[in-house]
Amino acid sequence: MTRCAVVGAGAWGTALADVLTGQGHDVCLWAYEPEVARELQSSHTNSTFLPDVQLSSRLRATSQLSEAVSGAAIVVYAPPSHVLRTLARQAAAAIAPGAIVVVATKGIEDETLALTTDVVAEEHHGCSVVALSGPSFAAEVVRGQPTAVVAASREEVARVTVQHAFSRPTFRVYTTDDVTGVAVGGALKNVVAIAAGISDGLGLGFNPRAALITRALAEMTRLGSALGARAETFAGLTGLGDLVLTCTGALSRNRGLGEALGRGQTVEQALAGRHTVAEGVHTARTAHALARRLGVEMPIVDAVQRVLFEQHDPRQALMELMTRELRPERDA
């Protein structure tokens with residue numbers, strides 16, 4: 001049994017905490033909202049972020065961050081990306097030296113344009129950092145639907161430790177040392193899911209969705225390669241696999257947001273009343289900025305950024321993608 005902490009009691013953090021508890025680990029889940037922590041502790045449910053699910057009775061919860069992470073050998077971060085650095089900095093003093101820090105948050109930081117794994121590494125010197133990502137809806141994970149993800153770390157012991165900590169018959173974990181590739185794929189798939197949702201909301205059919213997914217994969221690979229990732233990583237679970245799930249699955253928050261935009265809602269209307277975060281909104285802006293900094297061409301990301309932040313018409317944005325200058329499919 002390993003002492004584990006999960007920081008962030010949204011749907012994904014709650015699901016990961018339940019997986020670890022089901023593996024026999026001693027798990028404490030930190031929730032920002034005291035009422036969420038109280039419900040998790042008393043009834044082992046999370047009606048705000050993961051309704052209609054009964055969690056393990058062994059799962060503990062708290063709204064005190066230092067209490068959650070103190071003494072944990074594995075600390076999992078799963079909050080929204082815009083608060084990740086703040087929470088990592090606050091937790092750092094209470095985390096044991098030599099702990100393995102798992103980053104399940106996907107995105108790119110606003111001011112620095114750093115990947116989430118780099119953000120956590122900067123705040124936790126001396127800790128091994130592992131990215132955990134892949135095609136995985138939280139609601140299906142907690143219900144035992146077969147799921148496969150990837151644990152990525154430059155340190156073999158760390159990634160294998162996380163692999164064994166999480167793996168169970170319904171939750172299979174593969175490993176890789178390409179942390180950058182895994183982090184880039186996890187961040188950008190949310191932006192592409194908004195584009196796919198817009199296409200669906202416009203009623204454009206299956207052909208454009210397939211084209212978007214395939215061409216987005218090329219964009220992701222270009223950006224990842226510019227950051228030092230391996231191209232083949234994007235053909236795996238954290239690239240193509242996560243793209244397919246997030247762009248086609250009815251449970252995708254980002255696809256649902258895009259679908260609302262395609263049906264004519266404004267961004268404000270589409271976001272109104274949501275308890276959960278659609279990370280693709282934030283990442284569209286940061287990915288656009290990062291691509292410009294690196295000189296990487298990403299027309300789908302650019303189109304989503306214009307729709308979200310420049311009030312660009314969604315149908316016009318998709319038409320502009322179709323009428324760009326003709327080119328070979330593969331970059332030279």
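Descriptive notes on the structure:
- Whole-Å distance, taken between Cα centres, linking the range 219-286 and the range 290-332: 15 Å
- Least to most buried among 159, 3 (fewest other Cβ within 10 Å first): 3, 159
- Cβ crowding within 10 Å, taken as a proxy for footprinting-reagent exposure, orders 267, 69, 119, 304 from fewest neighbours to most as 267, 119, 69, 304.
- Compared with the dominant Cα axis of the chain, that is its longest principal axis, helix 179-201 is turned about 50°.
- P(r) histogram, all alpha-carbon pairs of the range 184-322 included - 10 Å bins from 0, percent: 13, 49, 33, 6
- Going through [x] -0.61, -0.83, -1.20; [y] -0.54, -0.79, -1.21; [z] -0.65, -0.93, -1.39, the figure that equals log10 I(q)/I(0) by the Debye sum over Cα atoms at q = 0.10, 0.12, 0.15 Å⁻¹ as computed for the structure here is [y].
- Ranked list, fewest to most other Cβ atoms within 10 Å of each Cβ, for 19, 157: 157, 19
- C-alpha center-to-center spacing [the range 63-94, the range 138-153] in angstrom: 22 Å
- Between the Cα long axis of helix 11-22 and the first principal axis of the chain there is an angle of about 40°, rounded to the nearest 10.
- Based on the reciprocal of the average 1/r between different C-alpha atoms, the Kirkwood radius for the range 3-177 equals 15.7 Å.
- Using alpha-carbon coordinates, inclination of helix 34-43 to the longest axis of the chain, degrees: 60 degrees
We did not get these values from a lab; they are worked out from the coordinates using the rules stated. Note that this is a predicted model, so its numbers are computed, not measured. When we count neighbours, we look across all protein chains shown, and the Cβ atoms used for this are built from the backbone with ideal geometry, even at glycine.
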